[in-house]
Amino acid sequence: MDKQSTASEFQGMLEARGVSRRSFMKLCGTLAIMAGLGEAAAPRVAQALEESVIGASQGDLYPVIWIEGASCTGCTEAFAQIDAPDAAAVVLELISLNYSETLSAAAGHSMEKAKEQTIEAGNYILVYEGAVLNGWNGNALRVAGKTGNEHLIEAAEKATAVVALGSCAVNGGWMAAAPNASNATGVQAFLKEQGINVPIINIPGCPPNPEWLCAVLIQYLLLGELPELNAENKPTQIFGQTIHDNCQRRGHFENGEFVYQFGSPEEAKGYCLYPLGCRGPQTKANCGVVRYNHRRSWCVEAGAPCIGCCEANPNNPGQNWIEVNTPFFKRHRDLNIGDFKFQPGTIAAAVLGIEAVALVIHGFGMKAAGRVPNGAEFEKKRAWDAKHPEKSIGVYDDAPKSDAKKGGDE
């Protein structure tokens with residue numbers, strides 16, 4: 001292959017990879033310079049991928065399809081801004097992002113056609129973001145004339161593996177919170193119902209740390225193997241310990257040093273946030289190790305209690321992190337009786353008040369029934385004073401004042 005053909009193919013591969021729609025043109029110029037094409041190549045980089053499926057048929061890059069379910073696109077935004085490695089490096093050097101409703105430069109028919117070609121070729125990874133909506137026969141979400149569920153089924157059947165990215169994709173997340181009108185669920189539960197047996201990797205979080213997805217992709221692309229998974233199909237290395245296990249404030253927890261109010265001196269000293277509702281002891285993730293933004297900080301380090309956004313049971317949409325952990329800044333979750341919500345502490349206070357009132361009423365009842373004596377008889381004179389009148393401490397009416405005074409002086 002001559003140099004001109006090689007340059008043309010590389011240019012085609014570059015054009016197939018968009019990273020962020022909002023800052024796409026600016027990023028295209030940067031990528032063109034990094035690729036040695038010069039800033040003048042930016043307009044060509046911005047052109048949509050059209051007919052060919054780069055990576056699946058022409059290049060050596062591994063194809064990836066990224067489908068949006070019911071989501072806020074926060075998982076994509078987090079990934080697009082990753083910097084170790086950055087999204088551009090992942091897209092250009094590791095994968096061929098053949099389809100992404102948010103990141104692709106293409107749109108409409110050409111993008112849907114690229115997805116169809118990728119599925120037909122097989123051997124790709126499917127990244128699914130957002131909840132699966134079963135409401136109204138799947139018509140709660142429609143894309144390109146099909147329900148979101150149809151898109152998921154078509155893409156999952158021939159995928160090498162499916163990555164459920166974000167808590168919404170794992171078990172419904174926000175969408176599955178009561179009253180869950182759209183009958184939202186997670187990818188794993190939905191595919192199981194459809195009888196589709198494909199390896200599933202659950203990466204919860206709202207949004208999940210983009211480095212988690214990057215680590216999963218790199219492990220598969222470079223080592224040819226999926227990460228070790230726990231019973232909930234979550235990567236063990238990432239979700240094997242609680243946030244509390246690696247929290248930088250754990251020493252204060254062990255010393256009984258806590259923050260009970262925001263703005264207090266204890267908060268300024270960086271004490272443990274457990275009384276303010278921190279869900280670190282019950283939430284499994286390595287947030288405190290990986291952290292965010294080039295490992296600069298994370299939620300607890302920034303002063304906010306962990307709200308447990310990585311809690312997501314893929315087998316039960318009702319055990320989503322919103323249902324389990326709200327209200328976030330209280331130690332206990334709300335209890336529900338019908339539409340009435342209340343805190344366990346409210347019940348305890350109410351029960352204590354009822355018991356106190358009951359005891360008072362019981363006391364008055366016993367008194368009225370004559371079952372309570374008027375009281376024990378008190379000694380008219382202390383036994384010691386009676387035996388030692390000359391050293392009596394008390395003053396009594398039956399004793400001469402002079403003797404009492406004398407005894408007191410002695």
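The values are calculated or read from the model by the stated rules, or taken from the named source; none is laboratory data. Keep in mind that what you see is a predicted model, and the values were worked out from it rather than measured. No Cβ is skipped: glycine too gets one built from the backbone with ideal geometry, and neighbour counts run over all protein chains shown. Quick note on the areas: whole protein, heavy atoms, side chains included, nothing else; ligands and nucleic acids left out. Shrake-Rupley method; radii C 1.70, N 1.55, O 1.52, S 1.80 Å.
Take the residues in the stretch 223-260 that are part of a strand (DSSP E or B) and not β-branched (Val, Ile, Thr); name whichever of them is nearest to the chain's Cα centre (by Cα).
So the residue we want is PRO235.
Let's see how each residue does on (1) surrounded by 14 or more Cβ atoms within 10 Å (Cβ to Cβ); (2) of a type in the set (S, T, N, Q):
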| site | (1), (2) |
| --- | --- |
| ILE218 | yes, no |
| LEU221 | yes, no |
| PRO227 | yes, no |
| ALA231 | no, no |
| PRO235 | yes, no |
| GLY240 | yes, no |
| GLN248 | no, yes |
| HIS252 | yes, no |
| GLY256 | no, no |
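Does the stretch 116-131 hold any residues that are within 14 Å of VAL162 (Cβ to Cβ) and either within 24 Å of the chain's Cα centre (by Cα) or assigned to a strand (DSSP E or B) (or both), and which are they?
ILE125, LEU126, VAL127, TYR128, GLU129, GLY130
Look through the stretch 282-312, keep the residues that are small (Gly, Ala, Ser) and not in a helix (DSSP H, G or I), and return whichever of them is farthest from VAL324 (Cα to Cα).
By that ranking, first place goes to SER297.
Out of the stretch 213-237, which residues are out of contact with any Leu (no Cβ under 9 Å at 6 or more places or on another chain) and at negative phi?
ALA215, LEU223, GLU225, LEU226, PRO227, GLU228, LEU229, ASN230, ALA231, GLU232, LYS234, GLN237
Looking at (1) in contact with a Pro (Cβ under 9 Å, 6 or more places away or on another chain); (2) of a type outside the set (Asp, Glu); (3) over 24 Å from PRO210 (Cα atoms), which is the one condition that is false for GLY145?
All conditions pass for GLY145, except number (1).
Checking the condition open to solvent by 10 Å² or more (accessible area, probe 1.4 Å), farther than 21 Å from GLU101 by Cβ and among the charged types (D, E, K, R), which residue from LYS192, LYS146, LYS158 passes?
Matching residue, one of LYS192, LYS146, LYS158: LYS192.
What pairs come up if the first residue lies in the stretch 178-204 and is in a strand (DSSP E or B), the second is charged (D, E, K, R) and crowded, with 19+ Cβ neighbours inside 10 Å, and their beta carbons are under 6 Å apart, counting only those six or more places apart or on different chains?
ASN202/LYS234
Answer yes or no: is there a residue in the stretch 86-104 that is open to solvent by 20 Å² or more (accessible area, probe 1.4 Å), touching a Gly at 6+ places or on another chain (Cβ under 6 Å) and at pLDDT 50 or above.
Looking through the stretch 86-104, none of the residues is open to solvent by 20 Å² or more (accessible area, probe 1.4 Å), touching a Gly at 6+ places or on another chain (Cβ under 6 Å) and at pLDDT 50 or above.
Would you mind stating whether GLY186 is open to solvent by less than 20 Å² (accessible area, probe 1.4 Å) and assigned by the TED database to the domain that holds SER71?
Spelling it out, GLY186 is indeed open to solvent by less than 20 Å² (accessible area, probe 1.4 Å) and assigned by the TED database to the domain that holds SER71.
Given ASN137, ASN123, which one is under 25 Å from LEU229 (Cα atoms) and open to solvent by 40 Å² or more (accessible area, probe 1.4 Å)?
Of the residues listed, the single one that is under 25 Å from LEU229 (Cα atoms) and open to solvent by 40 Å² or more (accessible area, probe 1.4 Å) is ASN123.
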